[in-house]
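Here's the structure we're looking at; comments come further down.
Read the figures in this text as sums done on the coordinates, not as results from a lab. Being a predicted model, the structure only gives us computed values, none of them experimental. Here Cβ is always computed from backbone atoms with ideal geometry, including for glycine, and neighbour counts include all displayed protein chains.
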Amino acid sequence: MPAATILGLAGPTLTADEAAFFREADPWGFILFRRNVESPAQVAALTRDLRAAVGRDAPVLVDQEGGRVQRLGPPHWRPHPPAAVYDRLALPLEEKLALCRLGARLIAAELADVGIDVDCVPCLDVPVPGAHGVIGDRAYADAPALVARYGRAAALGLLDEGVAPVIKHVPGHGRAGVDSHHALPVVEATQEELEGSDFAPFAALADMPMAMTAHVIYTAFDTQAPATQSARMIGEVIRGMIGYDGLLMTDDLGMNALGGGFDDRAAKALAAGCDVILHCSGDRAEMEAVASAVPALSGDAARRAQAALAWRSRRAEAMDLVDARARLDAALATLA
């Protein structure tokens, strides 16, 4: 079995040195960022080269939400709207949900065309007044039930084109007062508040194949460790209250919310119950430290990883892309 890691790389092409490292480290998957993206032909060649390096059909991930978080963009790819746009449309809810699904499917069609088969969408975080803006319009709505419905629509839209979704950031980043890219958020909401709001969209989408953890401390359950490295948060909350049994990956191990060496960060996340370690920067020394602490997938983690990849085969009938783009554009133009 491959190692329980998802790794990034430094630039738009896979160097011989990186290929040799990936062949040895054998990560389960890869993740791309803007530094890895130049053109459709280049990205398609890169995804082929990454899979060739490990000798299998490894998943290739990206964060392609739309709005502020879009790794593939103009001039070669369409600008996609942020998640919050759909609920602002002056249309019946079912029509807005259908457009959300269509928007996600258009994203997925672009990704599938260049060999990317996992999108870190939907963002199921429920924003609250006074929280940090890192989530902001990345959230579909302010009400947990609406977040869940839009999130499922987006996930189904991805699956319509054979791209597997990742629900994030479990069990909820919407209350965070700071950006976990830069500091460790501490959420002091009660268990009742969290269960009634933050956890609810994740429970509603607990059937999804993959989830990404939040680097956030929830003092109602653990006053010391963020969810990514908290056995209680993963065992009692994510696997228990939320009922999630899919593949659980960390958010990026390189974010400043976490401290310590990269081997220690990875070991703590695995010990807490994460299945797969995500490391995004492509920094060789950091990746070597992560690889030294991460074993091959086994047991439940291996089962979940295998099950997650099977979702890539779920496709709907082919659609007319030109017609679909025109339909979505016409709806979005009403907000201009």
Mean Cβ-within-10 Å packing, highest first, puts peptides 188-194, 316-322, 89-95, 280-286 in the order 280-286, 188-194, 89-95, 316-322
Here, A271 and E188, labelled 7 Å along Cα→Cβ, have an inter-label distance in nm of 2.8
Check: C-alpha center the range 103-123 vs C-alpha center the range 48-62, spacing in Å is 16
As a percent rounded to 5, the proportion of antiparallel DSSP bridges among beta bridges in the chain is 15
Extend 7 Å from the Cα of M241 along its Cα-to-C-beta direction; within the range 200-215, residues with backbone N under 20 Å of that point are 200-208, 211-215
If every Lys and Arg gets +1 and every Asp and Glu gets -1 at its Cβ, then about the Cα centre the chain yields a dipole, in debye to the nearest 20, of 440
Rounded to one decimal in nm, the spacing of the 7 Å Cα→Cβ label points at R88 and R315 is 3.5
Using alpha-carbon positions, the gyration tensor of the chain gives root eigenvalues a ≥ b ≥ c; with a/c under 1.5 called rounded, otherwise prolate if a/b exceeds b/c, else oblate, the class is oblate
In order over the range 269-280: 3J(HN,Hα) from phi, Karplus 6.51/-1.76/1.60, θ = phi - 60°, whole Hz, x for each Gly or Pro, gives 5, 5, 5, 6, x, 5, 8, 9, 9, 9, 10, 10
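Let me have the 222 nm mean residue ellipticity of the chain computed from DSSP H runs of 4+ only, each contributing -39500 (n - 2.57), with the sum over all residues rounded to the nearest 500.
Roughly -10500 deg cm²/dmol at 222 nm, from the helical runs in the chain.
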Residue span D207 to D17: 0.36 nm per residue of separation minus Cα-Cα distance leaves a gain in nm of 64.5 nm
Full extension between A10 and R303 adds, at 0.36 nm per residue less the Cα distance, a length in nm of 102.5 nm
FRET efficiency for L335 and R35 from the Cβ-Cβ distance with R0 = 22 Å, rounded to 0.05, comes out at 0.10
